[in-house]
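Working notes, structure below.
The values are calculated or read from the model by the stated rules, or taken from the named source; none is laboratory data. Not measured: the values here are computed from a predicted model. In this analysis, Cβ positions are derived from the backbone assuming ideal geometry, glycine residues included, and neighbour counts consider all displayed protein chains.
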Amino acid sequence: MWLQAAETNCMQLTDSQQKIKCLKEEIAKEEERAEAKRRAAANNQTNCMELSDGNQLMGCFWNNIQKLREENKRLQADVANLPSLQRKVDDLATENRNLQTEVANLRNNLTLTFFSIPQIKEFAFTGHQNFEVVLPSVGNSMKAILADIFVTVDRNDQVNIVLGKAGNAQKNWVNTRGNRPSTQFGNLARQSINLTYNGEADGFTPNYGVWYSSQVIPLKDNGAMQFGNYSNSGSNGWVYMVIRGYYK
């Protein structure tokens, strides 16, 4: 038979110091009982200390030990699964980033539309020039054009023609073959294309002109195209464009 210890009635003590000490001890015991009940409730366990029968007490302890073992196994399994769970979280985060990139790419994709009848644009240049070219268009919604370009120059002159959003004067050739370009080029980080018309020290120059087929030329925000020919050495010429389609 389990016997509970008789509790002291602190209020019956006559010595005030002993009474205070007794009350503190009783408060501490009550806090311990409350904590035991809380833990038991959290683990769905019986508070065995409340049982008075010895056999029931031992059975209660045994059941609680089994529950604790099962809970320990579950916690160990959770800990073992943490790396795989973290990998799943990382995989989901990577997949989310990839999807966001794909959505952004879809938004930025341009659609090519062919003209039923290609548009023709022709303009002349005299010496070194940099100017805007207004194109046949469907409005300023055009972001780029697809065009075949023909160039002819009136003398033996090496000319680099720039077409696109910017045609600003930046050196885009080397003085001697084999030189490292970045040591001689200007700032060419621009949305434009470069077309080389050979001449001078190249050793030959076209007599009948040159075609540059299927060029994708970025356009300015207003739908126009910038022209530049910084390498021109005083020659005159023409640019003839067959605009087959546009991107928007």
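Laid out as a table, the results:
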quantity	calculated
Counted residues, region 160-188 - those being under 17 Å from His128 (Cβ atoms) and either of a type in the set (Lys, Arg) or surrounded by 16 or more Cβ atoms within 10 Å (Cβ to Cβ) (or both)	9
Residue list for region 144-159, filter: surrounded by fewer than 17 Cβ atoms within 10 Å (Cβ to Cβ) and out of contact with any Gly (no Cβ under 9 Å at 6 or more places or on another chain)	Asp148
Scope region 140-173; condition of a type in the set (Phe, Trp, Tyr) and closer than 14 Å to Lys121 by Cβ; matching residues	Phe150
Residue among Val239, Val210 that is hydrophobic (A, V, I, L, M, F, W, C) and buried (at least 17 other Cβ atoms within 10 Å of the Cβ)	Val239
Strands (runs of 3 or more DSSP E) completely within region 162-248 that count 3 or more residues being modelled with pLDDT of 90 or more and among the aliphatic types (A, V, I, L, M)	210-218, 236-247
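So that you can scan it fast, the table gives a plain yes or no per residue for (1) of a type in the set (D, E, K, R); (2) closer than 30 Å to Lys248 by Cβ; (3) at pLDDT 75 or above:
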site	(1), (2), (3)
Cys10	no, no, no
Ile27	no, no, yes
Arg38	yes, no, no
Gln56	no, no, no
Gln66	no, no, yes
Leu75	no, no, no
Gln86	no, no, no
Val89	no, no, no
Ala104	no, yes, no
